[in-house]
Amino acid sequence: MKAAIITKFGKPDVIEITDLPQPKLKKGEVLIQVKAAALNPKDILIRKGKFKIATGSKFPMQIGHDLAGMVVDSNGSTMFKNGAEVFGMINGWSPRTCAEFLHVSEKELYWKPQNLSFEDAAGIPLAGQTALQAIRDMGNLKPNQKICINGASGGVGTLAIQISKILGGYITTVSSGRNLEFCHSLGADKMIDYSKEKITESDQKFDVFFDVFGNYSFPKTKHLLTKKGIYISTVPGGKIIIEQLKNPFRRQKAKLVVVKSKSQNLKWLYEKIETNLIKPVTDKVFPLGEIRAAQAYIETKRAKGKVIIKIE
Ligand SMILES: NC(=O)c1ccc[n+]([C@@H]2O[C@H](COP(=O)([O-])OP(=O)(O)OC[C@H]3O[C@@H](n4cnc5c(N)ncnc54)[C@H](OP(=O)(O)O)[C@@H]3O)[C@@H](O)[C@H]2O)c1
C-alpha cells in the first residue's frame, strides 16, 4: 500500500511516499481504507523530532492521526460491518493515517456524519475532541458563562467556537484582523484583533480562558479569570505541569488538555454535525503526493481551519 513516511527527523523534504506491507490486525482492531486524513501541528512536531521520547527514532515512521474512510475488514467487530463509513483519531505515538490502509482500534472510531464528505469529516476528530475535552470536560463551561478562545481561527479554534456556542457560552475570540468576521460567522460574540489589542490588558473577566495558540500562560492570564476561572493550555511543558500541581491550593485552576480519542466523544460531535450545529472548516485539501507542501502550509501557522490529505 502507498503511505507517507519520514526517513529521518527534519524539514518537510524528509517526507516520502513509499510502498509498505498491508497492516495486520490485532483483536479489537478493524482495517480501514483511508479516503482522507487531516494534518495537525503534532505531525510537524513529530517530523522535527520534538516528541522523540514518545515516538522513538525507528524509521521509516508513518504520518497522521486523523482519518475518514471505509471499514474493509471488520475483524469480528460488533460495532462496524464491512463497508461502514467512519471517522476517528488514533491515540498514542504510532501515526499512520496518511496511507491507503490502516489498522485502528474500533474504540477510536465512530460512524462518519452522512452530511460530510470524507475530506471534511477527516478534519474533525483530533481538533474537535481537543476542543470538546478542554471546554466541556475541563472548563465545565455553562450557559451564559464567558469564554475567551485565543487562536480561534485555526483547526482547534474554529471547533472551539462552535462547541462553546452549543454549550451556551458568551464567546470572545482572539485572532488576526483578517479573521475577525470569520470568527463572528462561527459564533463569536466579541472579536479581538491581537495586533490592535492585547487581551492581557483587557478589563474583561472570563470563566474559561482557552489558550489554543499557546502563547499565554496561567500567570499571564489569571487576572482575566473570574474567582473560580479556569485557564486551559494545549501546549505541554514543565510550566503548565507545575501550575497544575498548585491547583488544590487555589480557587482558579490551570489545566493542560491532552486529547484522547473516545467513541463517545466522536458520537457527540457526529450528532452535532448531523444536526448542523457544527460545520467543518476545511482550509485546503492536498493529494497524498503533495503532503510536503501541506505540512509546510501548517507550519506557516496561518491555516484557517483544517488542512486535509486526500488519499486517491
Ligand atoms: N494538547 C493537545 O492534546 C493538543 C491537541 C490539538 C492541538 N494542540 C496544539 O494546539 C495548538 C493549535 O492547534 P491547531 O490545530 O489549532 O493549529 P493551527 O490550525 O495550525 O493554528 C493556526 C491558527 O493559529 C492562529 N495564530 C497564529 N498566530 C497567532 C497568534 N499570535 N495569536 C493567536 N492566534 C494565532 C492563526 O490565526 P491568524 O491567522 O488569525 O493569526 C491560525 O488560524 C498547536 O500548538 C497544537 O500542537 C494540542
Single unsatisfied condition, L245 versus (1) within 12 Å of the ligand (Cβ to nearest atom); (2) of a type outside the set (F, W, Y); (3) surrounded by fewer than 21 Cβ atoms within 10 Å (Cβ to Cβ): (1)
Taking region 114-145 and keeping residues crowded, with 24+ Cβ neighbours inside 10 Å and closer than 11 Å to P280 by Cα leaves D120, A121, A122, G123, I124, P125, A127, G128
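Please enumerate the residues belonging to region 296-307 that are among the β-branched types (V, I, T), outside any helix (DSSP H, G or I) and surrounded by 15 or more Cβ atoms within 10 Å (Cβ to Cβ).
Within region 296-307, just V307 meets the criteria.
Residues that are touching an Asp or Glu at 6+ places or on another chain (Cβ under 9 Å) and surrounded by fewer than 17 Cβ atoms within 10 Å (Cβ to Cβ): which strands (runs of 3 or more DSSP E) entirely in region 1-47 hold 1 or more of them? Can you show your working first?
Numbers: elements: 2-6, 15-19, 29-39.
In region 1-47, 2-6, 29-39 are the strands (runs of 3 or more DSSP E) which contain 1 or more residues that are touching an Asp or Glu at 6+ places or on another chain (Cβ under 9 Å) and surrounded by fewer than 17 Cβ atoms within 10 Å (Cβ to Cβ).
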Those residues of region 146-170 which are away from the ligand (no atom under 14 Å from the Cβ) and in contact with a helix residue (DSSP H, G or I) (Cβ under 9 Å, 6 or more places away or on another chain) amount to I147, S164, K165, I166, L167, G169, Y170
From the list I161, I149, which residue is assigned to a strand (DSSP E or B), under 29 Å from V86 (Cβ atoms) and under 16 Å from the mean Cα position of the chain (by Cα)? I149
Kindly check whether there is at least one residue in region 171-186 that is within 16 Å of the ligand (Cβ to nearest atom) and touching a Pro at 6+ places or on another chain (Cβ under 9 Å). no
Tally, over region 92-142, of residues that are more than 22 Å from A294 (Cβ to Cβ) and not in a strand (DSSP E or B): 18
Positions within region 93-136 being within 16 Å of the ligand (Cβ to nearest atom) and either of a type in the set (V, I, T) or in contact with a His (Cβ under 9 Å, 6 or more places away or on another chain) (or both), in sequence order: P95, T97, I124, P125, L126, T130, I135
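Could you please find all residues in region 276-295 being outside any loop (DSSP other than H, G, I, E, B) and away from the ligand (no atom under 12 Å from the Cβ)?
Taking region 276-295 as the starting set, the residues that turn out to be outside any loop (DSSP other than H, G, I, E, B) are 282-295.
V285, F286, P287, L288, G289, E290, I291, R292, A293, listed by residue number.
Read-outs: derived from the displayed coordinates by stated rules, not from any lab. For clarity, every value in this text was computed on a predicted model and none was experimentally measured. Neighbour counts run over all protein chains shown; Cβ positions are idealised from the backbone, glycine included.
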